[in-house]
Amino acid sequence: MQKIGLVLLLVFISALVWAADNKAKDKTKSRDKILPPDTLVVRHDTPPKMIKEKDPKYPRLAKEGGFSGYVIIRAFIDETGKVEKVNRVKCNRPNMGFDEAAMKAVYESTFEPAELKGKPVGVWIKYKIRFDPEKGIKRGPINSADLQ
């Protein structure tokens, strides 16, 4: 009798694990779009243009401490203008929350897609977000010194 109870318990636990695993796979299915590698330069005539810019939130502890910093972001903008993937390339002050705030803001931004011969294409873009407690948050170009 105890063996039957033990077997039923194991079957029940296995079923729960299987269900949880399948539920997790279903949630990630929509984000499993195959993207070109972030090192690949996709040809385009017109670069993506930001339509709705979400400002990052200045990390509380960094602001209270008077810390400034910058984050270089690489993001994939798909052919509909949606941000599909965001990578942090460099952050000069890791563990201060700058990179997380910048990445979250980029995910919440909307773009007009890049175009090649009049047709929308997905491309990787790269830009810098600077956090300064006195000057605020600014986006700007990347120079070669930033990448070293």
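The values are calculated or read from the model by the stated rules, or taken from the named source; none is laboratory data. Here the structure is a predicted model, which is why all the values come from computation and not from measurement. Please note: Cβ atoms are built from the backbone with ideal geometry, for glycine as well, and neighbour counts cover all protein chains shown.
Side notes on the structure shown:
- The conditions of being surrounded by fewer than 14 Cβ atoms within 10 Å (Cβ to Cβ) and either touching a Cys at 6+ places or on another chain (Cβ under 9 Å) or not small (G, A, S) (or both) are met by K138.
- So V83, is it in contact with a Ser or Thr (Cβ under 9 Å, 6 or more places away or on another chain), modelled with pLDDT of 70 or more and closer than 26 Å to R130 by Cβ: yes
- Close contacts from the stretch 86-115, counting a first residue that is under 14 Å from I137 (Cβ atoms) and a second that is among the acidic types (D, E) and surrounded by fewer than 16 Cβ atoms within 10 Å (Cβ to Cβ), with Cβ to Cβ under 9 Å and a gap of 6+ residues or different chains, come to A105/E53; A105/D55; S109/E53.
- Criterion (more than 13 Å from M50 (Cα to Cα) and touching a His at 6+ places or on another chain (Cβ under 7 Å)) met by exactly one of V89, V71, V121: V121
- Counting only strands (runs of 3 or more DSSP E) that sit completely within the stretch 76-148, those holding 2 or more residues that are under 13 Å from the mean Cα position of the chain (by Cα) and on the phi < 0 side of the Ramachandran plot correspond to 83-91, 123-132.
- Criterion violated by K104 - all others in (1) basic (K, R); (2) more than 17 Å from E53 (Cβ to Cβ); (3) out of contact with any Asp or Glu (no Cβ under 6 Å at 6 or more places or on another chain) satisfied: (2)
- Among residues that are part of a loop (DSSP other than H, G, I, E, B) and either touching a Cys at 6+ places or on another chain (Cβ under 9 Å) or under 13 Å from A102 (Cα atoms) (or both), P56 is included.
- The stretch 49-62 residues that are within 16 Å of P113 (Cβ to Cβ), paired with ones that are among the aromatic types (F, W, Y) and outside any loop (DSSP other than H, G, I, E, B) (beta carbon under 7 Å, 6 or more apart): K49/F111; M50/F111; I51/F111
- Residue in the stretch 31-45 that is at pLDDT 90 or above, surrounded by 10 or more Cβ atoms within 10 Å (Cβ to Cβ) and in contact with an Asp or Glu (Cβ under 9 Å, 6 or more places away or on another chain) present: yes
- Taken over the stretch 63-83, the criterion of being of a type in the set (S, T, N, Q) and under 13 Å from E112 (Cα atoms) is satisfied by T80 alone.
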